[in-house]
1. Can you name every residue in the stretch B:85-104 that is more than 7 Å from chain A (Cβ to nearest Cβ), under 17 Å from B:Lys154 (Cβ atoms) and in contact (Cβ under 8 Å) with a residue 40 or more places away in the chain?
2. Test B:Ile180 against the stated conditions and say whether it is within 16 Å of ligand 2 (Cβ to nearest atom) and either within 14 Å of chain A (Cβ to nearest Cβ) or at pLDDT 90 or above (or both).
3. Tell me yes or no: at least one residue of the stretch A:624-644 is in a helix (DSSP H, G or I), of a type in the set (Gly, Ala, Ser) and within 14 Å of chain B (Cβ to nearest Cβ).
4. Of B:Gly166, B:Gly126, B:Gly140, which residue is under 18 Å from the mean Cα position of the chain (by Cα) and away from chain A (no Cβ under 13 Å)?
5. Hey, among A:Ile340, A:Ile297, A:Ile320, A:Ile304, which residue is in the same structural domain as A:Leu24 (by TED's automatic domain parsing), surrounded by fewer than 17 Cβ atoms within 10 Å (Cβ to Cβ) and within 23 Å of the chain's Cα centre (by Cα)?
6. Restricting attention to the stretch A:450-493, report how many residues are closer than 21 Å to A:Lys577 by Cα and open to solvent by less than 60 Å² (accessible area, probe 1.4 Å).
7. Report, by residue number, each residue of the stretch B:15-46 that is open to solvent by 20 Å² or more (accessible area, probe 1.4 Å) and within 6 Å of ligand 1 (Cβ to nearest atom).
8. Kindly provide the set of residues from the stretch B:105-123 that are more than 8 Å from chain A (Cβ to nearest Cβ), assigned to a loop (DSSP other than H, G, I, E, B) and closer than 28 Å to B:Leu51 by Cβ, ordered by number.
Amino acid sequence: MILNKRIKRVITLNKAQYIGLIFLVALSISLYTIFSSLAFNFNKATSDYSRTTNIEDAKFLTLKDLDINYIENTFNVEIEKRHEVDVSYKSSTIRLIELTNKINIPLMIEGNLIKEGEIALNPAYAKANNIKIGDFIELEGFKYKVSGFVSIPDYIYPTKSLSDLMADPTKFGVAIITSKDILKYNNLTYFYSIKGDVEKVKKYIDENYKILMWQDIQDNLRYVLAKKKIEQLPQLSVKIPLLFFTLTFILLFILLRRIIKLEIKEIGTLYALGYTKLEIQKHYLFYPLIISIIGSILATLFTITLQKPLTNYYVFYFNIPVQSDVKYKFILYGLLESIIILSLASYTASQTLLKHSPTTLLRGKISKDRLTFLSGLNLEKLKFNQKFKIRESIRGISKILTLIFGIFTASTLLLVGFAAKGSIDALINKTIKNTLNYKYVYYLNQNINKNSINQEGFKIAYFKDKNSNENIIVYGLEENTKSLKLKKGKEEVKVDKIYITNSLYEKLNKKNNIELINLFNNQELELKIDDVVDVYTGNVIYMPLEDLNKIINEERNSINGIFSQQPLNIDSKLILKYESIDETLKSFDIALEPVKYMLVAMGILSFIIALIVVYIVTSLIIEENKYTISMLKVLGYYENEINSLMLSFMLLPSVLGYVLSIPFVKGFLNSILKTSLKDINLAIPIEINPIYSLFGFAIIYTVLLVSKYISRKRIFKISMVDILKLQNE
Amino acid sequence: MSIQFIGVTKEYKNGSNIFLALNNISFEAKEGEIVAIVGPSGSGKSTLLNLLGGLDRATSGEIIFDGLNLSALSDKELTKYRRDKVGFVFQFYNLIPNLTAYENVEVAAELNKNSLKIDEVLEAVGLLDKKDKFPQELSGGEQQRVSIARAIVKSPKLLLCDEPTGALDYKTSKEVLELIDKINQIYKTTIFIVTHNTSIASMCHRIIRLRSGQIIEIKENINRISPKEVEW
Ligand SMILES: Nc1ncnc2c1ncn2[C@@H]1O[C@H](COP(=O)(O)OP(=O)(O)O)[C@@H](O)[C@H]1O
Ligand SMILES: [Mg+2]
């Protein structure tokens with residue numbers, strides 16, 4: 001059909017607009033596909049993971065050595081003994097773990113399973129310490145070849161001690177070596193792992209071998225935290241691209257409708273020539289088809305290039321092996337969605353036009369310039385260019401709405417990133433910098449009298465919530481503690497009552513009575529909570545030292561921890577572990593490093609989207625106002641004067657679009673965090689730092705400036721003579 | 001001072017075809033004159049006017065007005081030339097639809113510090129009472145008056161009218177012509193009127209006749225009549 005020869009011409013004539021649309025489609029589909037595939041692969045990986053690793057149900061330690069065979073056969077469970085030893089490497093610690101083959105089977109993420117003389121490390125540690133596959137490392141006198149990177153099921157999230165909040169890959173890593181290799185070390189410790197119906201056998205073991213330590217897998221944060229994070233990942237990482245996907249397609253719908261409507265005279269001509277409505281509408285369905293297909297092809301390319309690095313990044317962070325296959329069905333969904341929505345846009349646009357007679361269409365306007373009630377505004381007092389802008393805005397309300405929505409979409413993406421960063425910053429500030437007023441903290445392995453030292457002491461005790469099984473740490477503090485600043489709103493509170501952290505409160509959703517089980521002696525007790533304090537990390541309860549000592553039947557003045565402003569000189573046999581605030585902060589920084597790259601990427605992406613949207617809107621404005629522009633040129637206006645007359649009304653709607661996106665993003669993030677993040681021991685306050693907000697607006701403003709610069713060239717190209725002639729026809 | 005066209009040619013290229021819309025034309029007119037440009041449709045009248053108004057550039061030759069050689073001006077200087085010196089009136093008025101009559105005049109007045117008072121100009125074209133009306137609320141004749149007001153508000157030295165009465169009825173046409181004549185008398189504006197109506201030419205000081213891009217006659221009109229007397 002001769003009609004279809006036009007398509008190429010129309011597209012080349014308005015190539016920037018079409019390229020813009022195609023890019024929007026491509027970005028939207030590829031983001032959607034990448035994250036949906038990622039979620040799909042992660043779901044598969046997690047279900048495979050627990051099956052292939054045969055993760056333990058509990059680990060324990062006994063006074064006497066077990067007769068594994070006998071217990072296994074009698075109780076129909078699996079038991080395996082596993083050795084481990086901490087060795088130092090440079091200034092960090094590696095926990096060497098014996099390779100097992102029954103329970104907690106390590107999975108290789110990269111490289112080959114170890115043989116004798118070989119070692120496999122967790123990837124984050126390897127990366128942080130610059131260790132590559134094939135390297136040789138020497139650990140306390142024994143040399144190993146690095147055969148690959150590994151994920152150890154009960155150490156998916158490799159923290160050094162169980163109470164650590166964040167893993168610090170520069171300081172601590174885990175690795176597997178063969179049984180033969182590990183037995184060469186002194187200082188070995190071991191645990192038994194058990195899998196099966198644990199409850200019956202636990203009693204038997206305790207009676208016959210005396211259990212010294214027992215830890216159910218649900219109490220192992222190295223596994224539980226990671227598992228929860230991994231399970232939440234799909235939700236989180238699908239929701240944001242899905243939101244973006246929805247917003248862009250609404251936007252595309254609006255934009256394409258406007259672009260098709262510009263074809264009014266062409267449609268009029270075809271109509272007048274005798275083409276039927278149906279033929280014309282079919283013709284205009286080619287545009288959506290072309291945009292969707294090219295968009296999807298581009299999306300496929302984007303996806304193929306980005307899927308692997310992104311997956312690797314997540315794998316690195318979550319430490320389990322995940323495939324990086326692209327699930328092409330998502331591209332197909334995207335393509336279908338694109339075709340449907342854009343066809344609908346094109347169909348409804350041509351439908352609206354074709355309701356009119358060919359002669360009306362040939363005039364280039366379906367309705368006379370309607371005078372709205374707003375036209376009657378008395379603008380006499382204003383300066384001319386203000387009047388002009390107001391008149392332009394009144395006429396172009398729908399254009400303004402398009403612009404608001406476009407900027408809103410771009411800003412939403414931008415702000416999601418900023419909010420993530422801002423919230424984490426706020427979290428760190430609120431919890432660590434504003435709450436912890438000490439430099440060092442020492443945990444002791446026995447009670448001492450608080451009066452025997454001249455530092456501030458505290459008691460720490462470990463419980464679990466009877467209903468939810470959550471681990472809860474209880475601190476007993478001095479009433480006038482100077483080391484912790486607990487706040488409620490603006491006011492600092494004294495430790496004269498029992499307080500609960502915000503994060504624990506949100507998780508348990510109650511602050512009255514909590515039934516606790518003491519992890520050391522399984523003793524049950526009930527605690528009445530008085531109030532909530534503004535601490536956003538940790539399942540923690542704060543209470544007066546004497547009260548805590550009383551309920552756990554310990555001596556009134558006894559403590560097992562010390563806060564201090566400087567390193568203390570204590571007998572190292574007494575110390576269970578010690579922490580320095582500076583190092584904790586550093587480990588946060590390291591953990592958050594990748595977030596920064598994400599932010600930059602999101603910033604660039606939203607800049608591109610905003611640019612596309614603003615570009616299309618400005619070119620529509622210029623296209624729709626060709627006559628006015630050429631008249632202004634005839635009158636002797638310079639291009640930049642015309643530019644500012646025609647385009648400066650865009651600033652206000654852009655600001656509006658940006659401002660509207662702020663509460664929207666807050667609400668949106670709050671709702672996803674409420675549903676998906678509450679299991680992690682963090683309650684994140686959603687905050688957008690004002691400086692980031694300004695920076696975000698600077699990005700949007702730059703977009704406006706760039707598009708103004710581009711449109712100046714377009715205005716320059718409009719020929720005065722040609723337009724006058726066109727109008728006279 | 002005078003207006004000079006010296007060997008002016010305007011070519012339009014259409015693929016490999018070259019079309020001469022103006023073919024080596026030369027003429028001279030005096031300042032303060034009303035000059036009629038007549039000729040059949042397609043003879044190059046509008047082209048000539050557009051070149052003189054700085055809307056387009058000649059392919060070769062020189063156009064001199066007010067001591068300026070238009071061919072030698074940069075784009076920016078050409079814009080400044082239009083801004084300061086030229087007023088346009090078109091057959092189809094070309095008003096900006098979303099601005100009121102007053103604001104349509106103001107668009108031009110903005111450009112020049114020495115612009116006339118907008119109300120006075122609207123008064124002069126007889127439209128002061130309709131100044132808050134939008135173009136679509138005005139008749140053709142009224143719109144053309146607004147466009148004349150817009151053209152003269154910055155008191156240009158040169159007023160270029162391309163078939164100013166082409167879309168108007170007899171009575172309204174005469175009113176518009178009287179207005180143009182009045183402007184010429186009051187402000188001493190040099191005026192070019194393009195028309196294919198020879199009768200209109202009889203109110204002008206000088207008549208240039210074009211055919212196929214060439215001048216076939218230049219005549220000084222000694223028996224100039226007032227627009228009231230023009231009949232067709
Ligand atoms: N942009 C253009 N491209 C090609 N030919 C043109 C262009 N503009 C005008 N012409 C041709 O130049 C000739 C003169 O045009 P014009 O000056 O508008 O005539 P008039 O105003 O006397 O009717 C016409 O034949 C017209 O077709
Ligand atoms: Mg003409």
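The values are calculated or read from the model by the stated rules, or taken from the named source; none is laboratory data. These numbers come from a predicted model, not from an experiment. So basically every Cβ, Gly included, is an ideal-geometry build from the backbone, and we count neighbours across all protein chains shown. In case anyone asks, the SASA skips ligands and DNA or RNA and just uses the protein heavy atoms, side chains included. Shrake-Rupley method; radii C 1.70, N 1.55, O 1.52, S 1.80 Å.
1. B:Lys85, B:Val86, B:Gly87, B:Val89, B:Leu95, B:Ala101, B:Asn104
2. Judged against the criteria, B:Ile180 is not a match.
3. Checking the stretch A:624-644: at least one residue is in a helix (DSSP H, G or I), of a type in the set (Gly, Ala, Ser) and within 14 Å of chain B (Cβ to nearest Cβ).
4. The conditions single out B:Gly140.
5. Only one candidate passes the filter, namely A:Ile304.
6. 19
7. B:Phe19, B:Ser41, B:Gly42, B:Ser46, listed by residue number.
8. The answer is B:Asn112, B:Lys113, B:Asn114, B:Ser115, B:Leu116.
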